[in-house]
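Down below is the structure, laid out as structure tokens.
The values are calculated or read from the model by the stated rules, or taken from the named source; none is laboratory data. Bear in mind the structure is a predicted one, so any value in this text is a computation, not a measurement. FYI the Cβ positions are ideal-geometry reconstructions off the backbone, even for glycines, and counts take in every protein chain you see. These area figures cover heavy atoms from the full protein model, side chains too; ligands, DNA and RNA do not enter into them. Shrake-Rupley method; radii C 1.70, N 1.55, O 1.52, S 1.80 Å.
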Amino acid sequence: MLLGLLLLAATAIPPGLDLVTETEPAAPAAAPADPSSTGDVPTFETKVKAKRPPPAPVAASDLLLDAATFRDVPRRSAGDLLTLAPGVVLGNHQGEGHASAVYLRGFDAGEGQDLEFRLEGVPLNEVSNPHGHGYADTNFIIPELVESVRMVEGPFDPSQGDFAVAGSVEYRLGLVERGARVQGGMGSYGANELLLLWGPADAPSGTFVGVSLRRGDGFGPNRAYAGAAAMAGLEHRLSPGVSLRLTGTSYATRFDSAGVIRADDVDAGRMPCASGADSQFFCSYDPGQGGEGARHGFAASLGSRSQRQDLDQTIFLSIRRLRLAENFTGFLQDDPEQRGDAREQTYRVFTVGLRGSLVERRVVEELPQELEIGYLARYDDGDATVRRLRRDGGAPYATTLDESLRVTNLAAYAAARLRVAERLGVSGGLRVDSFFFDVTDRNRPTETRAGPREPTEEQGADGLAFEPRISASYMLAEGFDWIASWGVGVRSTDVAALSDGEFAPFATVHAAETGLVHRSGRNEARLVGFVTRVDRDMVFDERQARNVYVGASSRHGALAAGRIALPGWLDLQGSLTWAEAHLSPAGAGFFDLAAGPSLPYVPSWVARVDAVVGRTVDVAGARLPARLALGANWIGGRPLPLGARSDPVTTMDLGGRIRWESLEAGLSVTNLLDARYHAMDFHYASRFDMSATPSRVAAPHFAAAPPRMAMATLAWILDPQEDAP
Amino acid sequence: MRSLACAVALALTACGGAADTAGREVGFRLAAESMPSGDRPPGSFVTRTGWTVTLEEAAVAIGPVYLLSEPPPSARRHRAWEWLVQRAWAHSGFDDFDGGEVRGEYLGRFVIDAVRAGPQPISMSRGVAGRVRSVTLELQPPASASPSLHGHQAWVRGVAVRGEETIPFEGGLDLPEAGTVRKVVGIATDVDLDDGVMVVIELHPERWLSEADFSALPKPSGGDERRTMEPGTQPWDAWYLGARAYGTFTFRGER
């Protein structure tokens, strides 16, 4: 019914707020006595205050993702917002509370190993998390509070830090829709959601409160979840040009996980579930999989803006706890006892840090010039353990990792954005990252040939990385720029792989790209080619349930992306990305792009379309603003081990909402076509049937992607600033 | 135009063709063969204790079998200096032998007739192309009763002659399901696994009884002259060890 109304919508509603504008306190719009007298667009008042536009892009793939405009395309998490960027594919093998793995530009960036995540300048990648070095869980971010996402695909900006191998992501928070929203939702598979958003109408978008409560049974056995998140921000202007921004976050979750299952067991109907195809496809072996997580953090930023200088200082701290239990191999590794291969990974860390930057602007020969210096100081103090669990009862029976870690990352950079000529710009700089590792290994043997010894051992190491980055842009015509970039990025070393006194090695990426970028208002188009080479790449090892080093790798590819905004009714963006990734043989050079075997699982072709249509709908004489959004995704066949290739996957998501006075009804449907596909593929040996002779030849496994799921919401909007969704 | 054609070709390759990822699936045959000792027929050999043995019946159940990519530590000393300065192992070197990637496997059970000449086909199997540097096999009981085994995991019946002493004997061997007793881990080999290759398990039955002293078998109390190899007798104990000795099984590949 609602969809029908949305599809029948015929009248334009106001466009979304421009991201480079700021909504100022405005009196709630008075409904016109006669809507027809005001034209097709319901009136409202939005005061747009001049705000400094974001800095010029440092690369052709320096993207400002318009999360606000495309918020109606169903995306259930802040991580899902990354699919607004060309070529990004997400996959999750561990359940609702587990961070998604990100595939980008030929990288299997894991859950953060190759992608730097930041929230308001605060680094989110978790150092030496036993599940994956750099694991970044953005599930604590309430997606409705994400105002914008800046994504740089590649290490081209000197401000990009540790883990910026494939690129970096920075979330900016803000509540664009002022007032208060109380929203409840019910959906498929027992999903229930409650969302509270509040932002005083007379305060800037950085002042807000958001609370999100979610629970559900999940789309199959062992997929139940529950989570709660709260975020609060205060943006206070101390004086003209000087503002203080405080941000607090609190989050906890508990979730079950169906884990990964063997494809041949599904095909043969051997899974321990009902015999139907769907029952088998969504089945699970080990009910002990899942986890809990919590994150509580605080950040304070002081910003000063003037004509000639910008100064930013941020202090942040957070407490993080994570426990994951997963069983990839069943009963294969604990031979001959066969107690079970499940691994429990725990991580607890306290993080504190400082970040700051100073930008100086000058005009030289009538050309604007900028110099920037910045720094990061981050300290992580925590513990990590990995234990093996019995299949029956889940009791731990062996400890394979038990360490406390203290890691300090001090970084500084200097950069310049120079306008050499009216049409030619050069930007770049040098970043230096230093790391100091202090580890207490508590899992050493208590007996050696020399006699008894203590089970603990202290280890220390340090490392220093130099990361030059440079870009050049040339304005071919008004709105048309050619940009070429080159940069070096690093991923620090997992402390679990360090030796005492070692000069810690880094994984280093050399990346280059060039492209044409066209911008005209909110319309834009880009065509980009890229090349990268990583000297110490990592891939997921199912036996260890974590990423391990595999040697050098190289990637190359291209993308085409565009966005069309028809003011008043349509926003459309689409992209097509091609990427190839190869495991480089020994001696291969930077430009030996296709040397070596392809890296499996990395999508070669990805196409994505997001579209949002705004209309007003006549219902019983009332004109109701409504929006309809569609997201379509196509992932070409992924290379699989042994020369195989997966089937292409096409998915569509549909969302919409309609408002009547203070009430708003919404509906979102994900995987509208109800496609059955693999969220992630794996290839390894496993044994889940203890009665059968164990097969040790690697076999295809997969994590099932969600089927079609719907969520209906009803919101009560207090003090609405606008008439339209 | 040529660039466009290349792009289209690349697209077609990436969308629908095979991927050039590492590894290739292959089909190979698995067979077993009882190897002759010198110019004698299979099952006829001379032991280190001086007995000339002629087996009339001999069989053993084998399986599963795993073909592995990594050599055992004993096969790694291929450099001169490693012979001179050997690596110190904190354990036997085999306890934790993993073998690396499993390139092929046979998960069933089969019975080798140890007195039959020539390869005995076992199965067609799928595997991953590449060098097989070691094999791990297990001596598990057969899935179903086999007449040639007389209810045991292995069976022998024959005659041992030393000088003027002739001892007919027979007996069955059963290995307990404890620890790694039923496993033969890390048998060194070097076979290129590829489509059409036949991997042959070579059984050397002379290794079973090479340390057996048949005179230690107790004489039967009845009128039957055939002596029985039973647990606790020296020949049986020698067989218990010899059945899993590293020289008992070797492997070869042939097309």
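At a glance:
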| item | result |
| --- | --- |
| Residue within the range A:605-615 that is open to solvent by less than 10 Å² (accessible area, probe 1.4 Å), within 14 Å of chain B (Cβ to nearest Cβ), touching a residue at least 40 places away in the same chain (Cβ under 8 Å) and aliphatic (A, V, I, L, M) present | yes |
| Qualifying residues in the range A:437-484 (those that are within 14 Å of chain B (Cβ to nearest Cβ) and either touching a Phe, Trp or Tyr at 6+ places or on another chain (Cβ under 9 Å) or in a strand (DSSP E or B) (or both)) - the one most open to solvent (accessible area, probe 1.4 Å) | A:GLU447 |
| Enumerated strands (runs of 3 or more DSSP E) restricted to the range A:126-227, each holding at least 1 residues that are over 27 Å from A:PHE107 (Cα atoms) and open to solvent by 10 Å² or more (accessible area, probe 1.4 Å) | A:179-187, A:191-199, A:208-216 |
| A:PHE530, sole failed condition from (1) surrounded by fewer than 22 Cβ atoms within 10 Å (Cβ to Cβ); (2) at pLDDT 95 or above | (1) |
| Yes/no for B:VAL156 being in contact (Cβ under 8 Å) with a residue 12 or more places away in the chain and within 14 Å of another protein chain (Cβ to nearest Cβ) | no |
| Those residues of the range A:695-713 which are more than 12 Å from chain B (Cβ to nearest Cβ), open to solvent by 40 Å² or more (accessible area, probe 1.4 Å) and assigned to a loop (DSSP other than H, G, I, E, B), in sequence order | A:PRO706, A:ARG708 |
| Any pair with Cβ under 9 angstrom, 6 or more apart, that starts in the range A:175-194 at a residue that is on the phi > 0 side of the Ramachandran plot and in contact (Cβ under 8 Å) with a residue 40 or more places away in the chain and ends at one that is open to solvent by 40 Å² or more (accessible area, probe 1.4 Å) and aliphatic (A, V, I, L, M) | A:GLY179/A:LEU718 |
| From A:LEU599, A:LEU572, residue being on the phi < 0 side of the Ramachandran plot and more than 14 Å from chain B (Cβ to nearest Cβ) | A:LEU572 |
| Identity of the residue in the range B:22-52, within 14 Å of another protein chain (Cβ to nearest Cβ) and part of a strand (DSSP E or B), that ends up most open to solvent (accessible area, probe 1.4 Å) | B:GLU25 |
| Any hit, the range A:675-690, residues being touching a Phe, Trp or Tyr at 6+ places or on another chain (Cβ under 9 Å) and among the acidic types (Asp, Glu) | yes |
| Meets criteria (assigned to a strand (DSSP E or B) and either crowded, with 20+ Cβ neighbours inside 10 Å or away from chain B (no Cβ under 14 Å) (or both)) for A:ARG676 | no |
| Cβ pairs under 9 Å, 6+ apart, first in the range A:434-460 and in contact (Cβ under 8 Å) with a residue 12 or more places away in the chain, second of a type in the set (Lys, Arg) and in a strand (DSSP E or B) | A:PHE436/A:ARG406; A:PHE437/A:ARG406; A:ASP438/A:ARG406; A:VAL439/A:ARG406; A:THR440/A:ARG406 |
| Any hit, the range A:582-591, residues being surrounded by 17 or more Cβ atoms within 10 Å (Cβ to Cβ), within 29 Å of A:MET680 (Cβ to Cβ) and within 11 Å of chain B (Cβ to nearest Cβ) | yes |
| Odd one out for B:PRO231, checked against (1) farther than 21 Å from B:PRO42 by Cα; (2) open to solvent by less than 30 Å² (accessible area, probe 1.4 Å); (3) assigned to a loop (DSSP other than H, G, I, E, B) | (2) |
| Single condition B:ARG77 does not satisfy, out of (1) more than 14 Å from chain A (Cβ to nearest Cβ); (2) at pLDDT 65 or above | (2) |
| Residue match in the range A:629-644 (condition: at positive phi and either within 14 Å of chain B (Cβ to nearest Cβ) or at pLDDT 95 or above (or both)) | yes |
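Residues checked against (1) at negative phi; (2) within 14 Å of chain B (Cβ to nearest Cβ); (3) part of a loop (DSSP other than H, G, I, E, B):
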site	(1), (2), (3)
A:THR650	yes, yes, no
A:GLY655	yes, no, no
A:ARG659	yes, no, no
A:GLY666	yes, no, no
A:VAL669	yes, no, no
A:LEU672	yes, no, yes
A:PHE682	yes, yes, no
A:ASP689	yes, yes, yes
A:THR693	yes, yes, yes
